[in-house]
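Note sheet for the following structure.
The values are calculated or read from the model by the stated rules, or taken from the named source; none is laboratory data. None of the values given here were measured: they were computed from a predicted structure. With ideal geometry, Cβ positions are generated from the backbone for all residues, glycine too; neighbour counts draw on all protein chains shown. Ligands, DNA and RNA are excluded from the accessible area calculation, which covers all protein heavy atoms including side chains. Shrake-Rupley method; radii C 1.70, N 1.55, O 1.52, S 1.80 Å.
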Amino acid sequence: MKENITNIPRHVAVIMDGNGRWAKKRLMPRTFGHGAGMNAMIAMARKAKAMGIRYLTVYALSTENLARPKEELEGLYTLIRKYFTKNVKELYAEGAAVRVIGDITALPAGVQQLIREGVENSPDDAQFFVILALNYGARAEIVRAVNAAISRGERVTESELGKLLDTADMPDPDLIIRTGGEIRLSNFLLWQAAYAEMYFTDVLFPDFDEKEFEKAIADYSRRNRRFGNV
């Protein structure tokens, strides 16, 4: 019998791990896995919106990922150039607005332009938001926020520092999902994850389909969040 999920998180963040290993198991290059991961991400976004989730943040490219072999990065950039606009239009068709966190200035100029256009052309009246973490690292984000406060000559409180982060205009994640079998945050939303629930699965991201996503939300819905209280 299908479970009736009533406690839906407002904001879900996903560490989309396992694309490369998924491709390796099929004797294919890692870029093949990244392409499959893009398709899985679009399907996941559709499912999230259908379930009533308002914010979906996906860890698409970390600052550490930029140290990967040039060949893999070029393959990833080629995928972005080829499919980013098409994928973003699919998200628009779902009524989603696209946002970006991270420092995209380190990416190739053409890729930066595509990303900016994806954000700028998003619907103004969106009720669902897909946030792409690109060249994102939580430590770098916090350092940027601290330096912004210093440049203003401000001594900030916890709440004020939160307003200087990349995620200032969105709620903290209620649930963080990591696919691929690893059990760590990998420099993802360290500040914002203070009271997030965690869900880890061995499923490699290209295989993380709608049923797997729903399983994660069902697990979250059964938890009692106390935020430090008894």
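A few points about this structure:
- Looking only at residues in segment 145-183 that are part of a loop (DSSP other than H, G, I, E, B) and among the hydrophobic types (A, V, I, L, M, F, W, C), the one that is farthest from the chain's Cα centre (by Cα) is VAL156.
- Residue in segment 122-132 that is in a helix (DSSP H, G or I) and free of Cβ contacts under 8 Å to residues at least 24 places away in the same chain present: no
- Scanning segment 172-230 for residues that are at positive phi and either surrounded by fewer than 16 Cβ atoms within 10 Å (Cβ to Cβ) or free of Cβ contacts under 8 Å to residues at least 60 places away in the same chain (or both) gives GLY181, SER186, PHE227, GLY228.
- Residue list for segment 66-93, filter: surrounded by 14 or more Cβ atoms within 10 Å (Cβ to Cβ) and without any contact (Cβ under 8 Å) to a residue 12 or more places away in the chain: ARG68, LEU73
- A search for C-beta distances below 9 Å between a residue of segment 22-33 that is free of Cβ contacts under 8 Å to residues at least 12 places away in the same chain and any residue that is in a helix (DSSP H, G or I) and of a type in the set (Phe, Trp, Tyr), counting only pairs 6+ apart in sequence or on different chains, returns ARG26/PHE32; MET28/TRP22; PHE32/TRP22.
- The condition of being charged (D, E, K, R), within 21 Å of THR63 (Cβ to Cβ), out of contact with any His (no Cβ under 6 Å at 6 or more places or on another chain) and open to solvent by 50 Å² or more (accessible area, probe 1.4 Å) holds for ARG116.
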